[in-house]
1. Among the helices (runs of 4 or more DSSP H) contained in segment 299-416, which hold 1 or more residues that are over 30 Å from Y89 (Cβ atoms) and touching a Lys or Arg at 6+ places or on another chain (Cβ under 7 Å)?
2. Keeping to segment 388-416, report how many residues are surrounded by fewer than 19 Cβ atoms within 10 Å (Cβ to Cβ), among the polar types (S, T, N, Q) and either closer than 30 Å to Q19 by Cα or in contact (Cβ under 8 Å) with a residue 60 or more places away in the chain (or both).
3. Of the residues L294, L336, which is at pLDDT 95 or above, within 19 Å of H397 (Cα to Cα) and surrounded by 15 or more Cβ atoms within 10 Å (Cβ to Cβ)?
4. Hey, among E220, E233, which residue is part of a strand (DSSP E or B), free of Cβ contacts under 8 Å to residues at least 40 places away in the same chain and of a type in the set (D, E, K, R)?
5. Determine whether segment 149-159 contains at least one residue that is among the hydrophobic types (A, V, I, L, M, F, W, C), under 21 Å from E279 (Cα atoms) and in contact (Cβ under 8 Å) with a residue 24 or more places away in the chain.
6. Condition test on A344, is it surrounded by fewer than 19 Cβ atoms within 10 Å (Cβ to Cβ) and small (G, A, S)?
7. Please give the number of the condition T198 fails out of (1) assigned to a helix (DSSP H, G or I); (2) of a type outside the set (D, E, K, R); (3) modelled with pLDDT under 95; (4) surrounded by fewer than 14 Cβ atoms within 10 Å (Cβ to Cβ).
8. Taking the criterion of being hydroxyl-bearing (S, T, Y) and either in contact (Cβ under 8 Å) with a residue 40 or more places away in the chain or crowded, with 20+ Cβ neighbours inside 10 Å (or both), would at least one residue in segment 89-97 satisfy it?
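The values are calculated or read from the model by the stated rules, or taken from the named source; none is laboratory data. Just so you know, these numbers come straight off a predicted model, no measurement behind them. Cβ coordinates were reconstructed from backbone atoms using ideal geometry, including for glycine residues, and neighbour counts include every protein chain displayed.
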Amino acid sequence: MTTLGASLILLATATVVAQLWLYVREIKFQSNRRDHLQLPADDEPLSRAQQQTGIDFTIANLRLNAVAALTDGLLLIAMTLGGGLLFFYKQWTETLSPGIPAQVATLVTVVMLSAFAHRIILAIRQFFIFQQFNIGRMSAFHFAKDTLIQGSLLLVVSCLLATACIVAAIEFEATQWLVIWLIWTAFDWGRLWLYSSTFAQVSDKRFELSDDVLSKHICELMKRSGCVIDKIEVVESSKRSTHANASVVGLGNSKRIIFNDTLLSILTKPEVVAVMAHELGHVQNSHVIKDLALKSGIAFLWIVGVGHFLQIQAVQEAVNIANAPLGVQLSLIWLLTPVFAIIAKPLVTLTRRFYEYEADQFVVCHDDPLALQTALKKLHARNATATKNDPIYEAVHCSHPSMYSRLERLIPSKPS
């Protein structure tokens, strides 16, 4: 093995170890909190039992996340040092005609293998962890149905996208990595616009908000705040999970605010309106577009940077893909992404935590922050979410601030 090869292996190993270290650190932090939980004071947001459940649920998920990180690392090793990428390319070259078909088939194979591994992790999470904490309600039939639908969609999309990238890269060889990034970015933005209004409704039954009184309060909120959104939908998620949430999805004319029916079942009308105000804060401040723009910028640095790096012959030899065609190189980039994502994650989560504070401030300005406080407490209790996190872990992994941080900022301004 060359010095470069050893250095690249050491770098990949270091990123996996860093992820595991963060998970272990957070597990120790949560375990320590659990051991020292006192009887709650009168102003404590959640009961002791609710906090213990949130901690136990968090720890169980962290352990599985560590398994997922190890899985990504092992898959990367198997496909590079183990010769998996070249093996699949050779097999497809013998089965299909050499050239574009074999390259597309190799890339799609890697994508589907990675998705299959993550689907197994999801099944463990769904049927063991979620069931243990009475959060999951999904039956094996519905899980298999979702797997079939999502797997079929992934297969079709990955075939089309891989073909587009490889054909375009051959046509524009001098700027092939820039072209690949442009295709990926167009897909990523188009996916958000199209998926929320079409494909998402295949697996999730949606219907319009039918509570006239609640609809009236929401209309008054939009008029009061000056932020209007045409589509408000309720997702029938209670058959799959007790998890309660609301979110902004879609772009342009597909933009909408989604409420889980589980959220509507546990919150009062003023609390739902406060949650709506928070989501309108995301809309007013264009957080979805800003988040997509940031991810597109990171994708540019990653795809173009790693793509050019892989053109170096010594690098190809170090990762066991010497003289491999573009489809194999793209397969490697796909495998590298989850392993090295931790490098960019702190920036992404930092901006998202800022967006949450900004959306909360919209509630302070245009609705009742005390109602959002009580809503947050109920949602944390229902979703078994830990109320505090280790600061370093939070900086890397948490897209939402801790509940305590948000509650501190949701105090109404005193009139002068």
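1. 345-366, 369-383, 391-397, 403-409
2. Number satisfying all stated conditions: 3.
3. Matching residue, one of L294, L336: L294.
4. E233
5. No, segment 149-159 contains no residue that is among the hydrophobic types (A, V, I, L, M, F, W, C), under 21 Å from E279 (Cα atoms) and in contact (Cβ under 8 Å) with a residue 24 or more places away in the chain.
6. Considered against the rule, which asks whether it is surrounded by fewer than 19 Cβ atoms within 10 Å (Cβ to Cβ) and small (G, A, S), A344 comes out as yes.
7. (1)
8. yes
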